[in-house]
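The values are calculated or read from the model by the stated rules, or taken from the named source; none is laboratory data. Just so it is clear, the structure is predicted and the values come from calculations on it, not from any experiment. No Cβ is skipped: glycine too gets one built from the backbone with ideal geometry, and neighbour counts run over all protein chains shown. Surface accessibility is based on the protein's heavy atoms, side chains included, excluding ligands, DNA and RNA. Shrake-Rupley method; radii C 1.70, N 1.55, O 1.52, S 1.80 Å.
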Amino acid sequence: MKEKIKQEILVYGADVCGVANIERFADAPEGFSPKDIYGECKSVIVFGKSLSKGLMKVDSRLIYGHFNSFICSEVDRIALEGARFIEKCFDAMAIPLPCDAPYEYWEQETMTGKGLISMRHAAVQSGLGQLGKNGLLLNPQYGNLLIIGAILTDMDLESDEFCADICIAGCRKCMDSCPVQAIADGMVNQSLCRPNAFGKNARGFGTVDCNRCRVVCPRKFGCGE
C-alpha cells in the first residue's frame, strides 16, 4: 500500500515522496504534532516538488518569488489529489495540509511564523533529506530546491529510512554570505531575515530581495553537482 501511494503521488507531479509513521513525531513541539491536527493520524506522507535550477542563476527579486509561489500551489494540488486517492482506494481518511500559508502561529516581536506542522522536519522524518546549516532541507538529488507538502492519514504505514546527512562539514557559506548575519546554529533569526528578504516594488508586487543562503550552498543542486 505504501509503495502504491508513493507512486501515485509521483504521478501527480511530485519529484520525491516518503513516509513517516506517527511514532517519529513523538518529540514534536506541543501544538505542532500531526496528532494536534488529526487525532487519529498514524502516518504522514511527505513529498516534494523542485524549483528549476535556473532560478538560482538570476536575480531573485521577481522571477524566483513568482515561481516559488506557483510551486506552492502545485504542491497543494498534489496534496489534495493524493488525499482523495487514499480515501478512494484504501477506505482511509486523509488530510492534505497547506505547504505554506495559511497558518495561525505568529510572534510579532520576533517576526516568527510557524506552519501547521514543520514541513522541513516532516521531510527529514520521512527520509527525504537532512537540514542544512541554514535550516533548509537538503535532498541528495534536488538539493535545497524542494517545496514540501504533506498528507496525514489514519493508515498505519512503515517509516522510510532516514537520509544521510549531506551538509558539508565545516562549510559556512550560507552563514558568511547572509548580509544581516541572521543564520547561526542551524537557526534563522526571522526578525533579521524577513525585512531583508521580502518586500514590494513600486507597483505593489511582492519581491524576494534576498535568497543568498539558498544560492551559495554547495549542495543547492544535490550531491551530483
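The solvent-accessible area of His121, taken with every protein chain present and a 1.4 Å probe, is close to 80 Å².
Placing +1 on each Lys and Arg Cβ and -1 on each Asp and Glu Cβ, with no other charges, gives the chain a dipole about its Cα centre of roughly 1100 debye. Taking 0.36 nm per residue of separation and subtracting the current Cα-Cα distance, fully stretching the chain between Glu107 and Leu10 would add 31.4 nm.
Given the rule -39500 (n - 2.57) for each run of at least 4 DSSP H residues, summed and divided by the residues of the chain, what is its mean residue ellipticity at 222 nm, to the nearest 500 deg cm²/dmol?
Working: 7 runs with 66 residues, N = 225.
Here the helix-only value at 222 nm equals -8500 deg cm²/dmol.
Averaging Cα coordinates gives a centre for segment 73-128 and one for segment 168-189; these two points are 26 Å apart.
Using only C-alpha atoms and all pairs of different ones, pull out the Kirkwood radius for segment 35-87 in Å with one decimal. Kindly include the intermediate steps, with their values, before the conclusion.
On the way: mean 1/r = 0.0748 Å⁻¹.
For segment 35-87, the Kirkwood estimate is 13.4 Å.
Taken over segment 135-198, the convex hull of the Cα atoms encloses 145 Å³ per residue.
When the solvent-accessible area of segment 59-213 is split by element, carbon and sulfur atoms take up 54 percent of it, the probe being 1.4 Å.
Can you give the convex hull volume per residue for the Cα atoms of segment 48-114, as a whole number of Å³?
Measuring per residue, one finds 110 Å³ for the Cα hull of segment 48-114.
If R0 is taken as 41 Å, the Cβ-Cβ distance between Phe162 and Leu62 corresponds to a FRET efficiency of 0.65. Of Val46, Val215, the residue with the largest accessible area leads and the full order is Val215, Val46 (1.4 Å probe). Across segment 102-162 the C-alpha pair distances fall into 10 Å bins from zero in the proportions 19, 44, 30, 7, 0 percent. Between amide H atoms placed 1.01 Å from N, distances below 5 Å from Lys114 occur with Tyr105, all of them 5 or more places distant or on a separate chain.
Only alpha carbons enter this Debye calculation for the chain, each as an equal point scatterer, and the log10 of I(q)/I(0) it gives at q = 0.13 Å⁻¹ is -0.77.
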